Amino acid sequence: MNKRLLAELGLLLVALIWGSTFVVVQNAIEFLPPMTFNAIRFFVAGVVILLIYIIKEKGKIIVSVNQFLPGILLGICLFIGYSFQTIGLLYTTPSKAGFITGLSVVMVPLIIFIIYKKRPATKALIGSIGAVIGLYLLAAKNSNELSIGDGFVLICAFGFAFHIILTDRVTKKVPILLLTTVQIFTVSLTCAVGALLFEKWQVVFQSSHIFSRTTIFAMLITAILGTAFAFFMQTTAQRHTTPTRVGIILTMEPVFAAITSFIVINERLSIYGSIGCVLIFFGMVVSELPIEKTFSWSFVKNKKAMNRRVSK
């Protein structure tokens, strides 16, 4: 089995882990407030990745201030993403949260256009239109009224979109493991501050909450698998495949979220919700497909064929 296939199977596993954790997190935040949960989750994940980094560098780690700043900035984006996603899960369903979070894939080219004045590709426009229509059907037509949780998760999608954009600009300047360690500890710290200011974080000291099977299971799954392992796997896998294929594979996350919700909590979407999910998935996939190359290649082939017929 070649490295590329192994890498892509690894990315599919990452999408499965991230998609399935929506239900796990929703169950856990019944015992711990959202930011308190994320503070602990990311601290545990940060410790794991830091240990891996120390072992890899054999204890010889030299870090400059300039290498810390990109990680802190990315950590703030992740803080926005994970915090609003977790808070949103208090008021919306896991499958809806999964598909709305997935909108970050089609938000990226639009944000790049607004900030950098770089015109979005045709595929991005087609994908965005399909995703927006799908979001309306999923969030508005799937229930009697828009849920505040849907709005929180939409803000989360913006956080992840900015994280994708900024990651592309800084990964070549800072070692990957260092960058990952700094941003994950940044998420933990900012969530801890948020918990101290806005939540009843004292429940952490109640054994019925922190030592409940649901909480411990959620911590192990989200911290070890959903954060430490997933980020490490994604970083490693991207060395052996293309960014386009990475994007397409990771669009399976909301699909896994919907499947997990159906299996675990028997969540069923209405016909409008189902159509909305299909349109959002269509938008995410189309935004990553090489449509322009396909059409330009077909145009070139047709033009050459016409030229041959004319020459005869």
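The values are calculated or read from the model by the stated rules, or taken from the named source; none is laboratory data. Just so it is clear, the model here is predicted, and its values are computed rather than measured. Methodologically, a virtual Cβ is constructed for each residue, glycine included, from the backbone with ideal geometry; neighbour enumeration extends over all protein chains shown.
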The range 157-170 residues that are within 18 Å of L135 (Cβ to Cβ), paired with ones that are aromatic (F, W, Y) (beta carbon under 8 Å, 6 or more apart): G159/F79; G159/Y82; G159/F84
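Can you confirm whether the range 137-153 contains a residue that is in a helix (DSSP H, G or I), over 20 Å from G88 (Cβ atoms) and modelled with pLDDT under 85?
Let us first name the residues in the range 137-153 that are in a helix (DSSP H, G or I), namely 137-141, 148-153.
Subset that is over 20 Å from G88 (Cβ atoms): none.
No, every residue in the range 137-153 fails to be in a helix (DSSP H, G or I), over 20 Å from G88 (Cβ atoms) and modelled with pLDDT under 85.
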Return only the number of the condition from (1) without any contact (Cβ under 8 Å) to a residue 24 or more places away in the chain; (2) part of a helix (DSSP H, G or I) that F232 does not satisfy. (1)
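Restricting attention to the range 211-223, and to residues there that are modelled with pLDDT under 85 and under 15 Å from P34 (Cβ atoms), which single residue is surrounded by the most Cβ atoms within 10 Å (Cβ to Cβ)?
Top of the filtered list is T215.
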Listed by first then second residue, the pairs whose first member lies in the range 50-79 and is surrounded by 10 or more Cβ atoms within 10 Å (Cβ to Cβ), whose partner is among the aromatic types (F, W, Y), with beta carbons under 8 Å and at least 6 positions apart or on separate chains, are L50/F185; I52/F232; I61/Y53; G75/F185; C77/F160; C77/F162; L78/F160
Being free of Cβ contacts under 8 Å to residues at least 60 places away in the same chain, on the phi < 0 side of the Ramachandran plot and not hydroxyl-bearing (S, T, Y) is the filter here; which residues of the range 249-289 pass it? I263, R268, I271
Filter result for F42 (crowded, with 22+ Cβ neighbours inside 10 Å, of a type in the set (F, W, Y), at pLDDT below 90 and part of a helix (DSSP H, G or I)): no
Give the range 27-38 a look and list any residue that's assigned to a helix (DSSP H, G or I) and surrounded by 21 or more Cβ atoms within 10 Å (Cβ to Cβ), or say none. A28, P34, M35, T36, F37, N38
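Can you pull out every residue in the range 50-69 that is farther than 12 Å from T181 by Cβ and either modelled with pLDDT of 85 or more or among the charged types (D, E, K, R) (or both)? If you could, list the steps in order and put the result at the bottom.
The first filter runs over the range 50-69 and keeps only residues farther than 12 Å from T181 by Cβ, leaving 55, 58-60, 62, 64-66, 69.
I55, K58, K60, L69, listed by residue number.
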Check Y272 against each of (1) over 14 Å from the mean Cα position of the chain (by Cα); (2) of a type in the set (F, W, Y); (3) at pLDDT 80 or above and name the one condition it does not meet. (3)
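Output the residue which, of all residues in the range 275-287 that are of a type outside the set (G, A, S), at pLDDT below 80 and under 16 Å from E253 (Cβ atoms), is surrounded by the most Cβ atoms within 10 Å (Cβ to Cβ).
Within the range 275-287, the first condition is being of a type outside the set (G, A, S), and the residues that meet it are 275, 277-282, 284-286.
The next check asks that each one be at pLDDT below 80; those that pass are 277, 280-281, 284-286.
Among the residues that remain, those that are also under 16 Å from E253 (Cβ atoms) are: 277, 280-281, 284-285.
Values: C277: 25, I280: 29, F281: 20, M284: 27, V285: 18.
Restricting to residues being of a type outside the set (G, A, S), at pLDDT below 80 and under 16 Å from E253 (Cβ atoms), the top hit is I280.
Please go through the range 163-195 and give me each residue that is hydrophobic (A, V, I, L, M, F, W, C), within 15 Å of the chain's Cα centre (by Cα) and buried (at least 22 other Cβ atoms within 10 Å of the Cβ), ordered by number. Walk me through it before giving the result.
To start, the set of residues in the range 163-195 that are hydrophobic (A, V, I, L, M, F, W, C) comprises 164-166, 170, 174, 176-179, 182, 184-185, 187, 189, 191-193, 195.
Filter once more, so that each one left must be within 15 Å of the chain's Cα centre (by Cα): 164-166, 184, 187.
Across the range 163-195, the qualifying residues are I184, V187.
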Quick check on the range 225-269: of everything there that is farther than 30 Å from S147 by Cα, touching a helix residue (DSSP H, G or I) at 6+ places or on another chain (Cβ under 7 Å) and at pLDDT below 75, which residue is surrounded by the fewest Cβ atoms within 10 Å (Cβ to Cβ)? T235
